[in-house]
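S.K.: Quick one: the structure is below, questions incoming.
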Amino acid sequence: MIVVAITGASGVIYGVRLLEVLKELNIDTALVITDPAKIILKYELNMEEEELKELTDIIYDPKDLTASINSGSFRFNSMVIAPCTMKTISAIANGYANNAITRSADVVLKERRKLVIVPRETPLRSVHLENMLKISREGGIILPAMPGFYHNPENIDDLCNFVVGKILDVLEIDNHLFKRWHNDNP
């Protein structure tokens, strides 16, 4: 099982597309989506939370600190937070496990599982970079929403698929969401 969290930053398309691909691959998922993310989901994708129920096996309330994913004894493989707000990054970096997302991330780090964080903010302050560095030093993977262009994207879906494909690569899940770099010139 992969836990997917969607927080209230622009770029909810990354979390939604990740859920779509994981469902296509028959990989079990759990979803946690914050209230601000629900507003952005409606604004950016004209989607309601109800539509996400079809893409995941279970949805946890972000306020539920008794959720299974908050315990190290609950077995799941990894967690992806896409997009991830700087507030959430700060909480994780500083051990402030005050909701199901930050507590689950805390569990992932302490249990040495894979944590992939997809920050979506620009420009970055020094404190943002320092918080990401703290998480990286503990084994978390910082994968900014920075699409490549060498695959000659033709639309927004191509740009989104590049980032989601990179997330899947980090999780060691085979995918063909983007054209990989091949330098055919010797």
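The values are calculated or read from the model by the stated rules, or taken from the named source; none is laboratory data. Note that this is a predicted model, so its numbers are computed, not measured. Glycine gets a Cβ as well: all are built from the backbone with ideal geometry, and neighbour counts include every protein chain shown. For accessibility, only protein heavy atoms count, side chains too; no ligands or nucleic acids. Shrake-Rupley method; radii C 1.70, N 1.55, O 1.52, S 1.80 Å.
S.K.: Output the residues belonging to region 59-111 that are assigned to a helix (DSSP H, G or I) and of a type in the set (Ser, Thr, Tyr). Outline the logic, then answer.
M.R.: Taking region 59-111 and keeping what is assigned to a helix (DSSP H, G or I), we get 68-70, 86-93, 100-110.
Those that are assigned to a helix (DSSP H, G or I) and of a type in the set (Ser, Thr, Tyr): SER68, THR88, SER90, THR102, SER104.
S.K.: Here's a follow-up. Which condition number in (1) without any contact (Cβ under 8 Å) to a residue 40 or more places away in the chain; (2) open to solvent by 10 Å² or more (accessible area, probe 1.4 Å); (3) within 29 Å of ASN26 (Cβ to Cβ) is the one that LYS114 fails?
M.R.: So LYS114 meets the others, but not (1).
S.K.: While we're on this one: Please enumerate the residues belonging to region 37-53 that are of a type outside the set (Val, Ile, Thr), surrounded by 15 or more Cβ atoms within 10 Å (Cβ to Cβ) and touching a residue at least 24 places away in the same chain (Cβ under 8 Å).
M.R.: Here is the first cut: in region 37-53, the ones of a type outside the set (Val, Ile, Thr) are 37-38, 41-53.
Filter once more, keeping what is surrounded by 15 or more Cβ atoms within 10 Å (Cβ to Cβ): 37-38, 41, 47, 49, 52.
If the condition is that a residue be of a type outside the set (Val, Ile, Thr), surrounded by 15 or more Cβ atoms within 10 Å (Cβ to Cβ) and touching a residue at least 24 places away in the same chain (Cβ under 8 Å), then ALA37, LEU41, MET47, LEU52 are the ones that fit.
S.K.: For VAL107, which of the numbered conditions (1) buried (at least 17 other Cβ atoms within 10 Å of the Cβ); (2) within 14 Å of the chain's Cα centre (by Cα); (3) within 19 Å of PHE76 (Cβ to Cβ) fails to hold?
M.R.: (2)
S.K.: Return the pair list, or none, for Cβ contacts closer than 7 Å from residues in region 117-141 that are without any contact (Cβ under 8 Å) to a residue 12 or more places away in the chain to residues that are surrounded by fewer than 20 Cβ atoms within 10 Å (Cβ to Cβ), at least 6 apart or on different chains.
M.R.: Once the first residue is without any contact (Cβ under 8 Å) to a residue 12 or more places away in the chain and sits in region 117-141, its partners that are surrounded by fewer than 20 Cβ atoms within 10 Å (Cβ to Cβ) give SER136/ILE142.
S.K.: Let me ask another. Out of region 158-186, which residues are open to solvent by 10 Å² or more (accessible area, probe 1.4 Å) and in contact (Cβ under 8 Å) with a residue 24 or more places away in the chain? Outline the logic, then answer.
M.R.: Of all residues in region 158-186, those open to solvent by 10 Å² or more (accessible area, probe 1.4 Å) come to 158-159, 161-162, 166, 169-186.
Within region 158-186, ASN161, VAL170, LEU171, ILE173, ASN175, LEU177, PHE178, LYS179, ARG180, TRP181 qualify.
S.K.: Among residues belonging to region 54-102 that are modelled with pLDDT of 95 or more and of a type in the set (Lys, Arg), point out the one that is least open to solvent (accessible area, probe 1.4 Å).
M.R.: Here the answer is LYS63.
S.K.: Restricting to region 112-147, name every residue that is closer than 27 Å to SER73 by Cβ and assigned to a loop (DSSP other than H, G, I, E, B).
M.R.: Residues satisfying the conditions are ARG112, ARG113, GLU138, GLY139, GLY140.
S.K.: Before we move on, is GLU138 open to solvent by 60 Å² or more (accessible area, probe 1.4 Å) and in contact with a Leu (Cβ under 7 Å, 6 or more places away or on another chain)? Let's see the steps before the verdict.
M.R.: Values: open to solvent by 60 Å² or more (accessible area, probe 1.4 Å): yes; in contact with a Leu (Cβ under 7 Å, 6 or more places away or on another chain): yes.
Considered against the rule, which asks whether it is open to solvent by 60 Å² or more (accessible area, probe 1.4 Å) and in contact with a Leu (Cβ under 7 Å, 6 or more places away or on another chain), GLU138 comes out as yes.
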